[in-house]
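J.: The structure follows.
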Amino acid sequence: MRPRKHLWVLVGFMQIAVGGLCPLEAQTSTPLQFRSYALTLVSQIEQLNPNITNDAYKIFLILRSPDVPAQQRKSLAIRILTGAYPSKPDFRWEAIGSFSRGQGMFVAALVALSHMHVDDASLLPFLEEFLPKWERAASASPEEKLPADLQRLRDRVSPDLALVRAVIARLKGVQAVPEVKTPADLKRRVDASLKAAGLTRETLNSQYEAFMQAVRETREAAFAQHSPFAMHLVNEIGRTFFHYAKRGMDVSELTQGEDRVAHALRTYASAGVAARTPQQLIDQLVASRGQDTATAQLIADAGVSIVPLIVQKLEAVRNEHSAASNVGAGLGTLLEVLGMLIGKEALPYIQPFTQDNREWLRQRARQVKEAIEQGRVFGFYPDW
């Protein structure tokens, strides 16, 4: 897992049993029931090693799964941000090139917390307390003697300070406008967030465009040469729009315009509209000609409750062999999502595709089946 790769994917998004499946609920009096794999992983959390990519993906799943009680997810995220997890005293993050795996985990944990605090500013005191500590620990040289609490942060945390500041700015907007009932209320909240960040919509767009231009020209090097704060703030506002659009609010009037910020916010709002109908997300992923990790993450974020719809879609696809059928490479990604959600319980639903007459699908299904049999999970978009 490369921490910066997660940020790069985020930028890319802004640019935009053989013999048949189990009978569906509609065809039987017994509803399909599955156990969330995330709940199984929770009991293994202290044994996981996030320096191992597969274990890191398991932690990402726990952080975002609605099947895991919110308080447990919040507690785990706070432990990650403060260096208390992993709990092994001698644990140290490994580096990939010039980057620490710990930064990818820090981002995933903070983004998960952000999603859980869309309308809740109670996270703000914690972030305001720890921001100067993360700044001090991050700026200290390896030889410098620090107090024990800062020493732990330096040794065990790789913070994304720009993301922290962006979440703080958004939460100050929540603090200023705690209740949102209309798009006008939401606009006032966004304006308060921009004020807290010392920006206007125009300056935000200017900084965002400059950063995105640097990304286009230098790719990942842009993160070392330029502050990604504007990008993070746009994404924080976008997550807010996603949640309100998902709840049914029409936020289209807040995403008008042709500047890059407006385009980014429309992407989030459109995802929220799609997320109102889980079946639409599944159909969208299956029709995708690429992996579409953003849509895959949204489906995975629905938890085990979405599994019967996935099973239903897989059966429909198996029965449709027309060359004109609306099936793309995203079907393989959907098999991965199913394995992520229910682990080895997914195998009977994947097995038929290992014998499919479409070679590309047959090969992909065999790869997914093997991975699930080995206890692996899949990573999609933990910083969406």
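The values are calculated or read from the model by the stated rules, or taken from the named source; none is laboratory data. Since we're looking at a predicted model, the values are computed, not measured. Virtual Cβ from ideal backbone geometry, glycine too; neighbours counted across all protein chains shown.
J.: Specify the residue that is modelled with the lowest pLDDT; the eligible residues are those in segment 312-354 that are farther than 20 Å from Thr295 by Cα, not in a helix (DSSP H, G or I) and not hydroxyl-bearing (Ser, Thr, Tyr).
T.: Ala324
J.: While we're here: Considering (1) over 26 Å from Gly343 (Cα atoms); (2) acidic (Asp, Glu); (3) part of a helix (DSSP H, G or I), say which one Asp90 fails and leave the rest.
T.: Checking Asp90 against (1) over 26 Å from Gly343 (Cα atoms); (2) acidic (Asp, Glu); (3) part of a helix (DSSP H, G or I), the one that fails is (3).
J.: Please determine, by comparing only the residues of segment 192-241 that are polar (S, T, N, Q) and farther than 18 Å from Tyr268 by Cα, which one is surrounded by the fewest Cβ atoms within 10 Å (Cβ to Cβ).
T.: Gln225
J.: For Glu202, all conditions in the list (1) more than 22 Å from Val251 (Cα to Cα); (2) part of a helix (DSSP H, G or I) hold save one; what is the number of the exception?
T.: (1)
J.: Shifting gears a bit: Of all residues being of a type in the set (Asp, Glu) and part of a helix (DSSP H, G or I) in segment 111-157, which is surrounded by the fewest Cβ atoms within 10 Å (Cβ to Cβ)? Just the residue, please.
T.: Taking the candidates together, the pick is Glu129.
J.: Show the residue pairs that are 6+ apart or on different chains and have beta-carbon atoms under 6 Å apart, the first residue being within segment 75-97 and more than 13 Å from Leu48 (Cα to Cα) and modelled with pLDDT of 95 or more, the second being of a type in the set (A, V, I, L, M) and part of a loop (DSSP other than H, G, I, E, B).
T.: Gly83/Val157
J.: Here's something else I'd like to know. Here are Arg136, Arg64: which of them is over 25 Å from Val234 (Cα atoms), in contact with a helix residue (DSSP H, G or I) (Cβ under 8 Å, 6 or more places away or on another chain) and among the basic types (Lys, Arg)?
T.: Being over 25 Å from Val234 (Cα atoms), in contact with a helix residue (DSSP H, G or I) (Cβ under 8 Å, 6 or more places away or on another chain) and among the basic types (Lys, Arg) holds for just one of Arg136, Arg64, which is Arg136.
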